[in-house]
Amino acid sequence: MTELAEPKRTRGRPRKTEGERDDGNRRQALIAAAAQLFHRQGYDATSTREIAAQVGMQPGSPFYHFGNKQDLLLAVMVEGMKQASERQRAACARLGGDESARDQLRVLIRNQFDVLLGPDSDFIPVMLYEWRSLSAEQRQTITQIKDEYEAAWIPVLQALHDSGQLQAPVALARLMIFGALNWAVQWYQPPPKKTAKKSPPRASLDELTEAALALFLRDPA
């Protein structure tokens with residue numbers, strides 16, 4: 001009798017089973033729901049029961065994916081920095097390569113405002129508000145990711161400093177610029193779709209970007 005040939009093995013990682021894919025989707029759903037609730041209500045005021053209910057899970061389901069609520073908070077912050085880094089890389093990739101350092105900073109600032117204030121912007125404000133709720137080890141993890149994200153700004157700021165447009169030392173300027181930009185989550189309100197006659201003027205993200213450039217930089221010589 002002829003023996004049946006063994007099926008060929010595919011190279012690389014084995015395909016995820018339907019259950020594994022579902023687990024991954026549920027984990028991401030929990031992270032997104034936690035980001036939204038932590039942003040709106042605060043970390044301390046939000047229970048894992050509420051987060052589970054937000055995505056239609058049983059109250060104990062979050063603990064299948066995360067050891068405790070603090071681990072879920074860390075996952076929210078890591079996801080936020082991951083998304084921010086991906087957006088920043090995409091924004092920088094669209095540059096033609098011959099832009100001035102001022103124009104490069106414009107792109108970085110505009111992207112930062114989009115990360116903070118644009119669609120799906122719950123993640124980074126949670127990181128800004130709830131930083132002290134992490135353990136020391138978890139804060140070290142986020143600091144490393146944040147430093148990698150901000151590293152893309154350093155050569156741009158150095159070029160602006162060398163040209164005299166940025167007068168503060170680069171390391172200090174980076175800290176102060178991020179501090180000023182990040183504080184916008186506390187006060188910014190987007191312009192209404194239809195402006196009422198007596199409503200105060202509100203800036204768009206593009207207008208915020210130009211205001212930030214005018215604040216941080218001198219005009220080129």
Enter the accessible area of residue 95 (Å², nearest 10), with the probe set to 1.4 Å and all protein chains included.
-> 50 Å²
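In what order, largest first, do 64, 188 sit by accessible area if the probe radius is 1.4 Å?
Details: 64 160, 188 35 Å².
Result of the area sort, largest leading: 64, 188.
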If you plug each phi of segment 88-96 into the Karplus form 6.51 cos²θ - 1.76 cosθ + 1.60 with θ = phi - 60°, what whole-Hz ³J(HN,Hα) values come out, in order, with x for Gly and Pro?
-> 5, 4, 5, 5, 5, 5, 7, 5, x
At a 1.4 Å probe radius, carbon and sulfur cover how many percent of the accessible area of segment 33-153?
-> 46 percent
With Rg from the Cα atoms and Rh as the Kirkwood inverse mean 1/r over Cα pairs, segment 115-221 has an Rg/Rh of 1.03
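The values are calculated or read from the model by the stated rules, or taken from the named source; none is laboratory data. Just so it is clear, the model here is predicted, and its values are computed rather than measured. The area values use the complete protein model at the heavy-atom level, side chains included, leaving out ligands, DNA and RNA. Shrake-Rupley method; radii C 1.70, N 1.55, O 1.52, S 1.80 Å.
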